[in-house]
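Step one of this worksheet: look at the structure below.
FYI, it's all coordinate maths here, none of it is from the lab. Computed from a predicted structure; not experimentally measured. Positions of Cβ are backbone-derived with ideal geometry, glycine not excepted, and every protein chain shown enters the neighbour counts.
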């Protein structure tokens, strides 16, 4: 488990819940620090998936970020106020 000390300087939103974050964090790091390990579900079985490789190779950390589907959260820097939603199943780009 990832544990942090100190203060956060911005807030992102995950499934309508405020999540503290720090400038320079990726979305995946901010979510993991908040105890959130699932960012999507698989299309066939609905199995939970979340950050795994943390370097953009595995695509397990996909989520809907600011209305864009299939965003790799491990490669996306946080921005104050950004909106992230769990991605359920397969989603075509732009839907």
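Descriptive notes on the structure:
- Antiparallel bridge percentage (DSSP; both residues within the stretch 25-88; nearest 5): 80 percent
- Eigenvalues of the alpha-carbon gyration tensor of the chain, scaled by 5 and square-rooted, set the equivalent ellipsoid semi-axes at 21, 14, 11 angstrom, largest first.
- A straight chain from residue 80 to residue 68 at 0.36 nm per residue would run longer than the Cα-Cα distance by 2.7 nm.
- Length-normalised contact order for the stretch 25-88 - Cα pairs under 8 Å, 6+ apart - percent: 37 percent
- The stretch 7-59 shape via C-alpha gyration tensor axes, a/c threshold 1.5: oblate
- In this label model, residue 13 and residue 57 are separated by 3.6 nm, measuring between points 7 Å along each Cα→Cβ vector.
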